[in-house]
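The values are calculated or read from the model by the stated rules, or taken from the named source; none is laboratory data. If you're wondering where the values come from, they're calculated on a predicted model, not measured in any experiment. So basically every Cβ, Gly included, is an ideal-geometry build from the backbone, and we count neighbours across all protein chains shown.
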Amino acid sequence: MKRSALPASLLALAFALAGCAPGAQPGSSPDSPAGGSGMHTGHGSAPSSAPTAGDHSAADTMFAQMMIPHHQQAVEMSDAVLAKDGMDPRIIGLATGIKAAQGPEIEKMTGWLKAWGEPVAPGTAHHSMEGMMSGEDMAKLREAEGDAAAALFLTQMIAHHQGAVKMAEKEASEGSNPEAVDLARKIVEDQKAEIKTMEDMLPDYR
């Protein structure tokens, strides 16, 4: 009986040392899934932690496609004011801040569309965007000077921001891409605050 028991104990010891219990893999822990290593588990969980190129909806695409030219016009309006001589420092500060905020957002949304495999140009949607200035509006802003230019800039930018807020609110409620929804909420918060600031400033230039 001793001779038959010895091989069995050695076999058990070998399994214990090698960690070769049925279904186990070297380097696995009791908490690891059977047949899997920690490295395999981490790799499999990665896609859920970061959006993929296809992780977007039609609402996300429309938001980015429309907000890019909307932001671009806000930058253009700001440049028109910053090019003028003798403007009130408060207006200069406001225009500079708008450019600093919206320029990087343009780059971010452009990057999303490219990653999603969507066209950057909004096509006919451009004509339905709220708050956009016409060519005539932009010409008036470029030609105005002094307090008249400040008042016109504030009036136009308030309307422009109000249009952006509506677009962003729609994305915040209907979008599916987490980054796009977060940006939409940020735009709503930031531009509502700027609208209030501009409304408070406007009487000083009339």
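Checked against (1) more than 27 Å from I158 (Cβ to Cβ); (2) modelled with pLDDT of 50 or more; (3) of a type in the set (A, V, I, L, M); (4) out of contact with any helix residue (DSSP H, G or I) (no Cβ under 6 Å at 6 or more places or on another chain), L17 meets all criteria but (2). Within region 96-110, residues that are under 14 Å from P69 (Cβ atoms) reach partners that are at pLDDT 95 or above and of a type outside the set (V, I, T) with beta carbons closer than 7 Å, at six or more positions or on different chains, in the pairs Q102/H71; Q102/A74; E105/H71; E105/L183; I106/H71; I106/Q72; M109/A64; M109/M67.
For (1) modelled with pLDDT of 95 or more; (2) more than 27 Å from the chain's Cα centre (by Cα); (3) assigned by TED's automatic domain parsing to the domain that holds K196, each residue gets a yes or a no:
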site	(1), (2), (3)
A101	yes, no, yes
E105	yes, no, yes
A125	no, no, yes
M133	yes, no, yes
A144	yes, yes, yes
A150	yes, yes, yes
L154	yes, no, yes
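When region 139-156 is filtered for residues that are part of a helix (DSSP H, G or I) and among the charged types (D, E, K, R), the ones remaining, listed by number, are K140, R142, E143, D147. K186 falls short on exactly one of the conditions (1) surrounded by fewer than 20 Cβ atoms within 10 Å (Cβ to Cβ); (2) at pLDDT 95 or above; (3) over 14 Å from the mean Cα position of the chain (by Cα), and that condition is (3).
Rundown of residues vs (1) among the charged types (D, E, K, R); (2) farther than 15 Å from Q65 by Cβ; (3) assigned to a helix (DSSP H, G or I), yes/no style:
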| position | (1), (2), (3) |
| --- | --- |
| I158 | no, yes, yes |
| H161 | no, yes, yes |
| V165 | no, yes, yes |
| S173 | no, yes, yes |
| V181 | no, yes, yes |
| A184 | no, no, yes |
| Q191 | no, yes, yes |
| E194 | yes, yes, yes |
| M198 | no, yes, yes |
